[in-house]
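Everything on this sheet refers to the single structure shown next.
The numbers here are math on the coordinates, done by the rules we state, and not lab data. The structure presented is a predicted model; accordingly, all values stated were derived computationally and were not measured. Note that each Cβ is placed from the backbone with ideal geometry, even for glycine, and that neighbours are counted across all protein chains shown.
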Amino acid sequence: MARARAIVEPVASLERARLQYGVIPYRRGKDCIEIMLITSRSTRRWIVPKGWPLARKPSREVARLEALEEAGLEGTIGKRAVGSFHYHKRLKDGSVVLCRVDVFAFEVGRELDTWLECNERQRRWFDAKRAMKLVREPELKALIGAFVRRLET
């Protein structure tokens, strides 16, 4: 898949963004592509699994580990990021930083019954249109839409 360009400029474009890696977990449903979203720990908003870089781990491996730890998912991850999105993250000290998340396609093969963060998050499958309505980040909405359109062609 070709790498999607960011569709919406981040609000704080002059601010240096901190890098994270994540996945768009998907499966091919009977009539549509389905996207799995998870809830964030604190605000309970719907998001995709993502996390900070890890020393000596390639970006796609970090993204794969986040899918396992945050959502209990195993599957096949793309070789290259399909795009990226920006969001503002509140850190434990209360400060807010701009983050850029490089996102990989992740075709789910197996959902574990228990996983590292199963007591901290919910996970749920949605059709792509519903997933796009539920996520708050405009760039993530656009990225999910572009990703699903590419899968459907």
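With K and R counted +1 and D and E -1, the other residues having a Cβ less than 10 Å from that of VAL62 yield a net charge of +1. Listed from fewest to most Cβ neighbours within 10 Å, the set TRP52, TRP46, TRP125 follows the order TRP52, TRP125, TRP46.
By the count of neighbouring beta-carbon atoms within 10 Å, fewest first, CYS99, CYS32 end up ordered CYS32, CYS99. Taken one residue at a time, the phi angles of region 138-152 give Karplus couplings (6.51, -1.76, 1.60, θ = phi - 60°) of x, 5, 5, 4, 5, 5, 4, x, 5, 4, 5, 4, 5, 5, 7 Hz. Gly and Pro are set to x. Considering only SER42, VAL82, GLY109, the residue lying farthest towards the positive end of the dipole of the chain is VAL82, judged by Cα position with unit charges set on Cβ.
Panel order for PHE85, PHE126, PHE104, PHE147, by other beta carbons found within 10 Å of each beta carbon, from fewest to most: PHE126, PHE147, PHE104, PHE85.
Considering only alpha-carbon pairs that sit under 8 angstrom and 6 or more positions apart, the relative contact order computed for region 18-152 is 32 percent. In order along region 54-66, the Karplus-derived 3J(HN,Hα) couplings, from 6.51 cos²θ - 1.76 cosθ + 1.60 at θ = phi - 60°, round to 10, 4, 6, 10, x, 4, 5, 6, 4, 4, 4, 5, 5 Hz, and Gly and Pro are given as x.
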